[in-house]
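Could you have a look at this structure, given as structure tokens, before my questions?
The values are calculated or read from the model by the stated rules, or taken from the named source; none is laboratory data. From a predicted model like this one, the values you see are computed outputs, not experimental measurements. With ideal geometry, Cβ positions are generated from the backbone for all residues, glycine too; neighbour counts draw on all protein chains shown.
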Amino acid sequence: MDFYKVIENRKTVRDFEQAAISKETFERIISAALKAPTNDHMRDWHYIIIQDKRVIAKLLDIIPKGISDEDMDALIKDWNLSDSLQQECYRNAVPKQYRMLFDASAIIIPLLKQKVDLLHPDNISHLNGFASIWCSIENIFLAATAEGYACNLRVPLGNEAEYARGVLDFPNDYFMPCFIGIGKPQENAPIIKQKNIDIKERIHWDKF
Ligand SMILES: Cc1cc2nc3c(=O)[nH]c(=O)nc-3n(C[C@H](O)[C@H](O)[C@H](O)COP(=O)(O)O)c2cc1C
């Protein structure tokens, strides 16, 4: 697929049909992940790919299975989500946090070596490792798109990441930035329209 077509086609998908993804496909996707730019040239990243539904059920047990209409309305208000497309996005996404991962063909857990206290960095460069793993995550999304699949992601809330460590047994010095669900989009999977942005308003030539 043409590179810009891959960029256009990549959209967050939270509704999957049942489909198996081959080991070779995962290997190509993770190989792309491992080509992302990295702050220290080391790419000390690992990826746990979980397809076993029993492990997935255990891993996701801690994630809320839905949200009431009243709580959804309160969330929109509390988080000051005034933009209509943004509201549409949250109204679609929040109730699906469990199902978008459970119904995926697999969950990928990226891991980065945690060298400094991410939550209390001394300076911006202490966040370089965290920034690098997000470059790797974007490569996963783009490679999955090029392979005809789609992804979603959830940033762990509360103690979801520590709970995942217990279920998946990853070492204490590795940090999990997110859950990634990967799968084949349902034919009518809702895709929330991206906001139209006029590039002329966002590019600044020589001076802001
Ligand atoms: C840092 C980051 C955190 C995100 N957290 C979540 C999340 O916890 N749950 C979720 O469903 N989507 C999450 N998303 C996905 C966004 O909702 C999605 O990328 C955004 O609405 C734009 O839609 P698009 O990816 O289809 O262009 C996150 C995306 C990023 C980059």
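Within the range 1-27, how many residues turn out to be over 18 Å from the mean Cα position of the chain (by Cα) and basic (Lys, Arg)?
2
Continuing with the same structure: Going through the range 36-54 one residue at a time, which ones are surrounded by 13 or more Cβ atoms within 10 Å (Cβ to Cβ) and either part of a helix (DSSP H, G or I) or more than 15 Å from the ligand (Cβ to nearest atom) (or both)?
At the first step, the residues of the range 36-54 found to be surrounded by 13 or more Cβ atoms within 10 Å (Cβ to Cβ) are 36, 38-39, 43-51.
Within the range 36-54, 38, 39, 43, 44, 45, 46, 47, 48, 49, 50, 51 meet the criteria.
Anything in the range 6-33 that is hydroxyl-bearing (Ser, Thr, Tyr) and in contact with a strand residue (DSSP E or B) (Cβ under 9 Å, 6 or more places away or on another chain)? List them, or say none.
Quick first cut of the range 6-33, residues hydroxyl-bearing (Ser, Thr, Tyr) only: 12, 22, 25, 31.
Matches in the range 6-33: 12 only.
Keeping to the range 82-117, report how many residues are away from the ligand (no atom under 14 Å from the Cβ) and part of a loop (DSSP other than H, G, I, E, B).
6
Follow-up. Condition check: more than 13 Å from the ligand (Cβ to nearest atom), at pLDDT below 95, in a helix (DSSP H, G or I) and not aromatic (Phe, Trp, Tyr). Does residue 132 satisfy that? Let's see the steps before the verdict.
Details: more than 13 Å from the ligand (Cβ to nearest atom): yes; at pLDDT below 95: no; in a helix (DSSP H, G or I): yes; not aromatic (Phe, Trp, Tyr): yes.
Here the answer is no, as residue 132 does not meet what is asked.
May I pose another question? Of 162, 147, 138, which residue is crowded, with 16+ Cβ neighbours inside 10 Å and of a type in the set (Asp, Glu)? Steps first, please.
On the way: 162 fails: crowded, with 16+ Cβ neighbours inside 10 Å; 138 fails: crowded, with 16+ Cβ neighbours inside 10 Å.
The unique qualifying residue is 147.
Looking at 137, 108, 182, can you tell me which residue is touching a Leu at 6+ places or on another chain (Cβ under 8 Å) and among the aliphatic types (A, V, I, L, M)? Give the steps one after another, and end with the answer.
Working: 108 fails: touching a Leu at 6+ places or on another chain (Cβ under 8 Å); 182 fails: touching a Leu at 6+ places or on another chain (Cβ under 8 Å).
Among 137, 108, 182, only 137 is touching a Leu at 6+ places or on another chain (Cβ under 8 Å) and among the aliphatic types (A, V, I, L, M).
Quick grid of which residues meet (1) under 23 Å from residue 193 (Cα atoms); (2) basic (Lys, Arg); (3) surrounded by fewer than 17 Cβ atoms within 10 Å (Cβ to Cβ):
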| site | (1), (2), (3) |
| --- | --- |
| 16 | yes, no, no |
| 32 | no, no, no |
| 61 | no, no, yes |
| 77 | yes, yes, yes |
| 82 | yes, no, yes |
| 89 | yes, no, no |
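If we keep just the residues of the range 148-197 that are outside any helix (DSSP H, G or I) and acidic (Asp, Glu), which is nearest to the ligand (Cβ to nearest atom)?
Initially, the range 148-197 is screened for residues outside any helix (DSSP H, G or I), giving 148-159, 169-197.
Then drop every residue that is not acidic (Asp, Glu), which leaves 169, 173, 187.
Numbers: 169: 23, 173: 22, 187: 17 Å.
Of everything passing the filter in the range 148-197, 187 is nearest to the ligand (Cβ to nearest atom).
Name the pairs whose Cβ atoms lie under 6 Å apart, with the first residue in the range 182-208 and over 14 Å from residue 92 (Cβ atoms), the second within 14 Å of the ligand (Cβ to nearest atom) and in a helix (DSSP H, G or I), and 6 or more positions between them or separate chains?
Going by the 6 Å Cβ cut-off, the qualifying pairs are 182/144; 195/85.
Out of the residues in the range 149-191 that are within 16 Å of the chain's Cα centre (by Cα) and β-branched (Val, Ile, Thr), which is modelled with the lowest pLDDT? Steps first, please.
Going residue by residue through the range 149-191, those that are within 16 Å of the chain's Cα centre (by Cα) are 149-157, 160-161, 164, 175-185, 191.
After this cut, where a residue has to be β-branched (Val, Ile, Thr) as well, the list is 155, 180, 182, 191.
Values: 155: 98, 180: 99, 182: 98, 191: 92.
Ranking the candidates gives 191 first.
Residue-by-condition table, conditions (1) farther than 30 Å from residue 89 by Cα; (2) in contact with a Cys (Cβ under 8 Å, 6 or more places away or on another chain):
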| site | (1), (2) |
| --- | --- |
| 112 | no, no |
| 122 | yes, no |
| 132 | no, no |
| 140 | no, yes |
| 154 | no, yes |
| 157 | no, no |
| 160 | no, no |
| 175 | no, no |
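Turning to a different aspect of this structure: Out of all the residues in the range 13-29, which are within 16 Å of the ligand (Cβ to nearest atom) and either within 18 Å of residue 139 (Cα to Cα) or of a type in the set (Val, Ile, Thr) (or both)? Can you show your working first?
Residues of the range 13-29 within 16 Å of the ligand (Cβ to nearest atom): 13-16.
Once the filter is applied, which keeps residues that are within 16 Å of the ligand (Cβ to nearest atom) and either within 18 Å of residue 139 (Cα to Cα) or of a type in the set (Val, Ile, Thr) (or both), the range 13-29 yields only 13.
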